[in-house]
Every structure is written in structure tokens, then in C-alpha cells.
Amino acid sequence: MIVTTTPIIEGKKITQYLGLVSGSAIMGTSFVRDFFAGITDLVGGRSSAYEAELKRARSSAISEMRQEAVKLGANAVISVDLDYEAVGEKGGLLMVCANGTAVVVG
């Protein structure tokens, strides 16, 4: 399945628009608390462990969005947007959302 942030797929013709699809993943409190506490310790450095967690959450959200698209009969998702949001009391959770338009391309 093609998944793209663009509204078109070069070389492909969109033959049917099937609607909005979305997926989300929420990372637990301890991760977010440790993440923000660790920022000051890193002093501009990068944390591969936290980056891996964010990648895992993003992949999970995109996978869930793809599954919704397949259920609708799509073979592509266009105009994908990824959002990251702190939620819960005191921002104790990090939510990753993937939204796009399910389409059939030929």
C-alpha cells in the first residue's frame, strides 16, 4: 500500500476517494516523564532509546491507519498528517496520530 503526505501520487490516477482514515498510539506516563526529565541531562544530545520509542509509536499509528484503509478497499492513503500531542493530567501521555485520505489508485 502506498502511503504519502502528498495529495497526489505521481504516475497514478486516483479513481476513488473512500474517506478519512486514522490511527493512533499512546505512550505511557513513565516514558514521557523520563523523556522530559532527560532533556536537561542531554544538553543538546540525542537519545536513541527515546527516538526508538517515538518511531515505534509512529509506526503503530501508521499501521492502524493502513488497516482502516484496507477495510475500506483502498490501495493507497494520501495527504497523511502526523501529529504528536501531550495528553492527560500534566501531559503524562504522548499521543501520536496519523490521519489521511483512503483512495483507490490505478
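The values are calculated or read from the model by the stated rules, or taken from the named source; none is laboratory data. Given the structure is predicted, the values throughout are model-derived calculations rather than measurements. We place every Cβ from the backbone using ideal geometry, glycine too, and count neighbours over all the protein chains shown.
Within segment 75-97, which residues are within 15 Å of Pro7 (Cα to Cα), out of contact with any Pro (no Cβ under 7 Å at 6 or more places or on another chain) and not β-branched (Val, Ile, Thr)?
Passing the criteria: Asn75, Ala76, Asp81, Leu82.
Restricting attention to segment 34-91, report how many residues are modelled with pLDDT under 65 and among the hydrophobic types (A, V, I, L, M, F, W, C). Outline the logic, then answer.
Step one: filter segment 34-91 for residues modelled with pLDDT under 65, giving 34-47, 91.
Filter once more, so that each one left must be among the hydrophobic types (A, V, I, L, M, F, W, C): 35-37, 39, 42-43.
Number satisfying all stated conditions: 6.
Between Gly19, Gly23, which is surrounded by fewer than 12 Cβ atoms within 10 Å (Cβ to Cβ), assigned to a strand (DSSP E or B) and modelled with pLDDT of 95 or more? Walk me through how you get there before you give the answer.
Numbers: Gly23 fails: surrounded by fewer than 12 Cβ atoms within 10 Å (Cβ to Cβ).
From the options Gly19, Gly23, the qualifying one is Gly19.
Quick check on segment 59-106: of everything there that is in a strand (DSSP E or B), exposed (fewer than 13 other Cβ atoms within 10 Å of the Cβ) and in contact (Cβ under 8 Å) with a residue 60 or more places away in the chain, which residue is farthest from the chain's Cα centre (by Cα)?
Val87
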